[in-house]
Amino acid sequence: MEVAVAPRSTLTALAFVVGGIALGTASGLIPGLHANNMALLLAGVAPSVPGPPLPVGMAMLAAGVVHTFLEIVPTLALGVPDPAMAVAALPGHRLVLEGRGREALRLSALGSGIAVLLAAPLAIPVTRMMVAVWPLVRANLSVVLLGVVGVLVLTERSLASMAVGVFAFVTSAMLGIATLDLSPEAPLAAGGVLAPLFAGLFGAPVLIDAIGGEGVPPQDDPAVALSKGGLTGLSGLGTVAGAVVGYVPAVSSAVAATLALLAVPGRYGARGFVVTTSGVNTANTIFALFALVALGAPRTGVLVAVEEAGVPLSLPHLLAAVALSAVVGFALVLAVGDRYLLAVGRLDPTHLSVVVLVGLGGVGYLFAGPVGVGCYVAATIIGLVPARFRARRAHLMGVLIGPILIG
C-alpha cells in the first residue's frame with residue numbers, strides 16, 4: 001500500500017496555522033481585540049493572501065481557538081476592583097483578590113483543554129441530533145430565547161436583582177436594535193459596531209470599577225483546589241453548554257455557563273464558573289464548525305469570516321488546526337499567564353484602567369468610526385447597571401437577543 005504525502009501542502013497549511021496562532025495570541029492578550037475582529041480582518045484580506053483558501057480558513061480557526069484559551073489572562077489581570085467590592089466582582093477577579101489568580105489560569109486552561117477532548121467525540125452525535133430538531137428550534141426560536149431570558153431573570157438572588165436584570169436586558173436590546181444594522185464608515189473596512197458594543201457592555205464597566213483600586217495583589221502558589229472528578233464534570237457541563245452556544249444564535253458563552261451552573265452545587269463557586277465558562281468558549285468552536293458544515297449556519301464571528309472567505313469545509317483539515325492550536329493555547333496560558341499577572345501587578349491600576357478604557361474607545365473608532373465611539377459610550381453606561389445593583393452581566397446579551405426577537 002502506498003501513502004501519498006504532499007509535503008509542500010502540509011508545510012503551507014502548518015505555516016498558516018502558526019500565523020493564526022500568532023494572531024490569536026495577540027487578540028487574546030491585548031485588551032479590546034477579539035478573535036472575531038481578527039478573523040473578519042483576515043476575511044477582508046483573504047483574496048489578496050497568496051495561497052489556497054483552505055489554509056487561510058485553518059489560520060482563522062487557529063486564531064479563534066487560541067483566543068479562547070488566552071482571553072482569561074487579561075480578564076484576570078485587568079479591572080481587578082477594590083477588595084471592598086469583591087462581592088460584586090467577576091468570579092475570576094474574586095479568585096485574584098484571594099491570591100488565587102495563578103490557580104484560576106490553570107483552571108481555565110484545564111477547562112478549555114478537557115472540553116476539546118470531550119467535544120471532539122461528541123460533535124458527530126450532537127450534530128445529528130441538532131439537525132433533526134433544528135427545524136423545530138428555528139420555528140420557535142423566539143420562544144427558546146425568551147425562555148433563556150426568563151430563566152436568567154427568575155434565578156436572580158432577589159426581586160430587586162430581577163428588576164435590574166429586566167432593565168439591563170431591555171436597554172441592551174434597544175441598543176442592539178438601534179445599532180446592529182448600521183454600516184458606518186470606518187478606518188478598517190472589515191469592521192462593524194459589534195466590537196465597540198461588546199467593549200462597552202462587558203469590558204469598560206469592569207475597568208471603571210478598578211479605578212482607585214489596589215490592582216493585582218501578590219498571588220499564591222498555582223495548586224488547583226478542585227478534584228479531577230470536579231474538573232472533568234465542570235468541563236463536561238461546559239462542553240454540553242458549548243453545544244447549545246454552537247447551534248442556537250445569540251446565546252453567549254456567559255449565558256450558557258450561567259444556566260449550566262444552576263445545576264452545579266454551590267461549593268464550586270468562582271472556580272466552577274471559571275472552568276465551565278472556559279469549557280463553553282472552547283467547545284463552542286468545535287460545535288459551531290459542525291453546525292456550519294451540517295446546517296450552513298455560521299454561529300461565531302470566526303466562522304462567518306470562514307464562510308465569507310469561501311473556505312472549503314474540509315473537516316479533517318479544519319479539526320487538525322483546532323487540535324494543534326488547542327495544544328499551543330494550553331501551553332501559552334501556563335507560559336505567559338503568571339508573568340502577565342506579575343507584570344500588571346506592578347503597574348498603577350488607575351492609570352492602567354484609564355489607558356485601556358481609552359484604547360477600547362480607539363478600537364471602537366477603528367472598527368466603526370465616530371459611530372463606534374458613540375456605541376462604546378452608550379454601551380458602557382448600560383453595562384454599568386448590572387454590577388452596580390448586583391445582577392448578572394449575562395442579561396446584557398439582550399444586545400443580540402433583542403434584534404432576533406423583533407426580526
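Sticking to Cα atoms, compute the Rg of the stretch 309-394 to one decimal and its Dmax as the biggest Cα-Cα distance, whole number, in Å.
Cα radius of gyration and Dmax of the stretch 309-394 are 19.0, 48 Å respectively.
Using +1 at the Cβ of each Lys and Arg and -1 at the Cβ of each Asp and Glu in the chain, identify which of 7, 329, 387 lies farthest towards the dipole's positive end.
Of the listed residues, the answer is 387.
Could you tally the net charge around residue 152, taking each other residue with its Cβ under 11 Å from the Cβ of residue 152, Lys/Arg +1 and Asp/Glu -1? Walk me through the intermediate numbers first.
Numbers: positive: 392, 393; negative: 156.
That works out to +1.
Roughly how many Å² is the accessible area per residue of the stretch 234-282, as a whole number, for a 1.4 Å probe?
Value returned for the stretch 234-282: 28 Å² of accessible area per residue.
Counting Lys and Arg as +1 and Asp and Glu as -1, each charge on the Cβ, what is the dipole of the chain about the Cα centre in debye, to the nearest 20? Don't jump to the answer; show the numbers that get you there.
Working: 18 positive and 16 negative charges, 141 e Å.
For this selection, approximately 680 debye.
Counting each DSSP H run of 4 or more residues in the chain as -39500 (n - 2.57), what helix-only mean residue ellipticity at 222 nm follows after dividing by all residues, to the nearest 500 deg cm²/dmol?
Values: 17 runs with 294 residues, N = 407.
My calculation for the chain gives -24500 deg cm²/dmol from helical runs alone.
For the stretch 253-399, which whole percent of the accessible surface, found with a 1.4 angstrom probe, sits on carbon and sulfur atoms?
On the way: 3950 of 5700 Å².
Heavy-atom surface of the stretch 253-399 belonging to carbon and sulfur, 1.4 Å probe: 69 percent.
Return one whole number: the accessible area per residue of the stretch 297-407 in Å², for a 1.4 Å probe. Please report the intermediate quantities before stating the final value.
Working: 4830 Å² over 111 residues.
Per residue, the stretch 297-407 has an accessible area of 44 Å².
Order the following by accessible area, largest value first: 240, 73. Probe radius 1.4 Å; ligands, DNA and RNA are ignored. Numbers along the way, then the final one.
Values: 240 90, 73 0 Å².
Output order, biggest surface exposure first: 240, 73.
Rounded to two decimals, what is Rg over Rh for the chain when you use alpha-carbon atoms and the Kirkwood radius? Walk me through the intermediate numbers first.
Numbers: Rg = 20.2 Å, Rh = 21.3 Å.
Rg divided by Rh gives 0.95.
Based on the Kirkwood radius over alpha-carbon pairs, what value in µm²/s does the Stokes-Einstein equation return for the translational diffusion coefficient of the stretch 74-190 at 4 °C and 1.567 mPa s? Don't skip to the answer; put the middle values down first.
Numbers: Rh = 18.9 Å.
So the translational diffusion coefficient is about 69 µm²/s.
Just want to confirm a number: the relative contact order over the stretch 106-245, from Cα pairs under 8 angstrom separated by 6+ residues, in percent.
Values: 37 pairs, mean separation 72.8, N = 140.
Taking the mean separation of contacting Cα pairs over the length of the stretch 106-245, I get 52 percent.
Quick check: pseudo-label points 7 Å beyond the Cα along Cα→Cβ at residue 389 and residue 404, how many nm apart are they?
Inter-label distance under the simple model: 2.5 nm.
With a cut-off of 13 Å, note down the residues of the stretch 341-371 whose backbone N falls inside the zone around a label point 7 Å from the Cα of residue 308 toward its beta carbon.
From the stretch 341-371, the list is 367-368.
What do you get for trypsin sites (Lys or Arg not before Pro) in the stretch 112-181 restricted to DSSP loop and a cutoff of at most 13 other Cβ within 10 Å of the site's Cβ? All intermediate terms of the calculation are to be shown ahead of the outcome.
On the way: sites: 128, 138, 157; in loops: 157.
Qualifying residues, ordered by number: 157.
In debye, nearest 20, what is the charge dipole magnitude of the stretch 146-298 about its Cα centre with +1 on Lys and Arg Cβ and -1 on Asp and Glu Cβ, if you could check?
Values: 4 positive and 7 negative charges, 100 e Å.
Using only the charged Cβ atoms, the result is roughly 480 debye.
Relative contact order for the chain using alpha-carbon pairs under 8 Å, separation at least 6, rounded to a whole percent?
The value is 33 percent.
Kindly write out, for the stretch 328-339 in residue order, the coupling ³J(HN,Hα) from the Karplus curve 6.51 cos²θ - 1.76 cosθ + 1.60 (θ = phi - 60°), rounded to whole Hz, with x marking Gly and Pro.
3J(HN,Hα) across the stretch 328-339, in whole Hz: 5, x, 4, 5, 5, 4, 5, 7, 9, x, 4, 5.
Choose one of 112, 370, 56: the residue whose Cα lies farthest towards the positive end of the charge dipole of the chain (beta-carbon charges +1 Lys, Arg; -1 Asp, Glu; about the Cα centre).
112
Counting only Cα, what are the radius of gyration and maximum Cα-Cα distance Dmax of the stretch 199-321, in Å?
Over the stretch 199-321's Cα set, Rg and Dmax evaluate to 17.5, 51 Å.
Quick one: Karplus J couplings for the stretch 246-260, per residue in order, coefficients 6.51, -1.76, 1.60, θ = phi - 60°, nearest Hz, x for Gly and Pro?
x, 10, 9, x, 6, 8, 7, 4, 5, 5, 4, 5, 4, 5, 4
Please report the spacing between the Cα centers of the stretch 246-265 and the stretch 317-365 in Å, no decimals.
Cα centres, the stretch 246-265 to the stretch 317-365: 23 Å.
Which of the three applies to the stretch 250-407, rounded, prolate or oblate, going by the alpha-carbon gyration tensor with a ≥ b ≥ c and a/c under 1.5 meaning rounded?
Values: a/c = 1.33, a/b = 1.20, b/c = 1.10.
Note, shape of the stretch 250-407 comes out rounded.
The values are calculated or read from the model by the stated rules, or taken from the named source; none is laboratory data. What you see is a predicted model; the values in this text were computed from it and never measured. Note that we place each Cβ from the backbone using ideal geometry, even for glycine, and neighbour counts take in every protein chain shown. Please note that ligands, DNA and RNA were not included when accessible areas were found on the heavy atoms of the full protein model with its side chains. Shrake-Rupley method; radii C 1.70, N 1.55, O 1.52, S 1.80 Å.
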